[in-house]
Amino acid sequence: MQAFLFPGQGAQTVGMLKDYYQRYPSIFRPLLEEANEQLGFEIDDYMFKGPKRVLDQTEITQPAMLISSVGIAYLLQEEGIYPDVVAGHSAGQFSALVIANALSFSDAVKMIHVRGKCMGAVDKDGAMLAVHTKNRETINEILHFITGYGINVAAHNSPSQLVLSGDKKIIEVIQKELTAIPAVMTKSLSVSQAFHSTLMEPARTQFLQEVDLNCIKNPTIPIVLNCNANKSTSRIDIINDIIGQFTEPVLWSKTVDELAASSVSTYIEVGIGKVLSKLLRNFQYGGRAFSTDTTSGFQKLIKVKQSIGQPLNSVVEDIKV
C-alpha cells in the first residue's frame, strides 16, 4: 500500500516551485494560470519572487501550498505512481481531496483562499508553540500541565511532538515554564494566528457564510481525516472535518497509526518541504519514505521506480519511519 502525504502551511519559501515550473511547464503553467484566474491575482509572482511577508500571509500561503502539492502529484501520476490512500496535514487536506477526486482543483483554490482569508481576519493576538520531547510519558505530563491555561492542542504530530495554540501572552508564559523541564524543547511558530484553537471560531463562522461545500463529492480513494484520523470515502465526513479543522486539533500521530494499520509501506510527501517525512522518523513502524521537495528528489524517486520496472512500493529501500 502506498500513501500520498500532503503538507500544510509552514513549509512555504520564496522561490517555491520555480524549479518544477521551469522543468515541467506543461503541467505547472496551466495549473498556475487556472489558479490565477480563480484568485484574481498572479500568485506565482509571490511564490517565485516574494516578498516573504506577502507569501507568509495565510490567504496566499494556503493556495500556494495547494498548487505546489497538486502539481507534483500530477507529475507522479504521469509516471504511473498513484496513491492507495491520501492524507493531508491541516491545509494539506485540500490537496489530498483534489487527488482523491473529491474536489476539483478550481474549487479547491477558491475554497482554501477563502479559508486563509477568514483565518487571517480573526482579530485575536494568537500564537502557536511546537513542543518536542523524547517520550510519550513526558507528552502526557505536558498535556496535564497545560490544563486550565485556556489554550488548545493544535496538533498531535507524533509520539514526541505537540503544537499548542492560543492567546499569545499565555503561550509565552507556558513556553518559559516548559523550557525549564529537562529534555523538553520548544519553538515558537512563525504565524500570526492561533490556528486549530477556539480563537478560530469567528473564522469558521465566516467561512461557512462564504463557501458552498456542496461541490465536495465522495472520494474515489480513501482519505484519512484530520479531526478523528479515520479513513473515509464519505463526502459528509469530509465536510464535517473541514469545518472542524478550524477549532479542533490535527491528529497526525493517529493518522500515521491508521496508515500503518492499513498496511501502508510507502509514504510519499507530495509538495514543498520535508516536515511530514521527518515526523515519520518518530514512529516505530517499518516502511519507506520519500520527499518531493525538489526536482532532484522527484527524479530520484522516478529513477528508483524505473530501475526495476516494478511498482514503487516493491522496490524502494527500507527505512525506519
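The values are calculated or read from the model by the stated rules, or taken from the named source; none is laboratory data. Quantities reported herein were computed from a predicted structural model and do not represent experimental measurements. Glycine gets a Cβ as well: all are built from the backbone with ideal geometry, and neighbour counts include every protein chain shown.
Give the stretch 264-281 a look and list any residue that's among the small types (Gly, Ala, Ser), at pLDDT below 95 and not in a helix (DSSP H, G or I), or say none.
Those that are among the small types (Gly, Ala, Ser), at pLDDT below 95 and not in a helix (DSSP H, G or I): SER265, GLY273.
List the pairs whose first member sits in the stretch 88-102 and is at pLDDT below 95, whose second member is in a helix (DSSP H, G or I) and not acidic (Asp, Glu), and whose Cβ atoms are under 9 Å apart, counting only residues at least 6 apart or on separate chains?
Hits for this filter: zero, empty list.
Condition first: among the hydrophobic types (A, V, I, L, M, F, W, C), loosely packed, with under 12 Cβ neighbours inside 10 Å and either in contact with a Gly (Cβ under 6 Å, 6 or more places away or on another chain) or under 24 Å from LYS278 (Cβ atoms) (or both). Now tell me which residues in the stretch 134-187 satisfy that.
Within the stretch 134-187, the first condition is being among the hydrophobic types (A, V, I, L, M, F, W, C), and the residues that meet it are 139, 142-143, 145-146, 151, 153-155, 162-164, 170-171, 173-174, 178, 180-181, 183-185.
Then drop every residue that is not loosely packed, with under 12 Cβ neighbours inside 10 Å, which leaves 180, 183.
If the condition is that a residue be among the hydrophobic types (A, V, I, L, M, F, W, C), loosely packed, with under 12 Cβ neighbours inside 10 Å and either in contact with a Gly (Cβ under 6 Å, 6 or more places away or on another chain) or under 24 Å from LYS278 (Cβ atoms) (or both), then ALA183 is the only one that fits.
Tell me whether the stretch 38-51 contains one or more residues that are among the acidic types (Asp, Glu) and modelled with pLDDT under 95.
no
Filtering the stretch 34-58 down to residues that are in contact (Cβ under 8 Å) with a residue 40 or more places away in the chain and in contact with a helix residue (DSSP H, G or I) (Cβ under 7 Å, 6 or more places away or on another chain), which residue is farthest from VAL70 (Cα to Cα)?
Going through the qualifying residues, I end up with GLN57.
Given (1) hydrophobic (A, V, I, L, M, F, W, C); (2) part of a loop (DSSP other than H, G, I, E, B); (3) under 11 Å from PHE4 (Cα atoms), identify the lone condition not met by VAL122.
(3)
Looking only at helices (runs of 4 or more DSSP H) that lie completely in the stretch 172-262, which have at least 1 residues being more than 24 Å from ALA289 (Cβ to Cβ)?
The qualifying helices (runs of 4 or more DSSP H) are 201-210, 235-244.
Is there a residue in the stretch 283-305 that is within 21 Å of GLN93 (Cα to Cα), in a loop (DSSP other than H, G, I, E, B) and of a type in the set (A, V, I, L, M)?
no
Could you list, in sequence order, all residues of the stretch 57-72 that are within 14 Å of the chain's Cα centre (by Cα) and within 19 Å of VAL86 (Cβ to Cβ)?
Residues satisfying the conditions are GLN62, PRO63, MET65, LEU66, ILE67, SER68, SER69, VAL70.
Among the residues in the stretch 143-158, are any part of a loop (DSSP other than H, G, I, E, B), in the same structural domain as LYS117 (by TED's automatic domain parsing) and either over 21 Å from the mean Cα position of the chain (by Cα) or of a type in the set (Asp, Glu) (or both)?
No, the conditions are met nowhere in the stretch 143-158.
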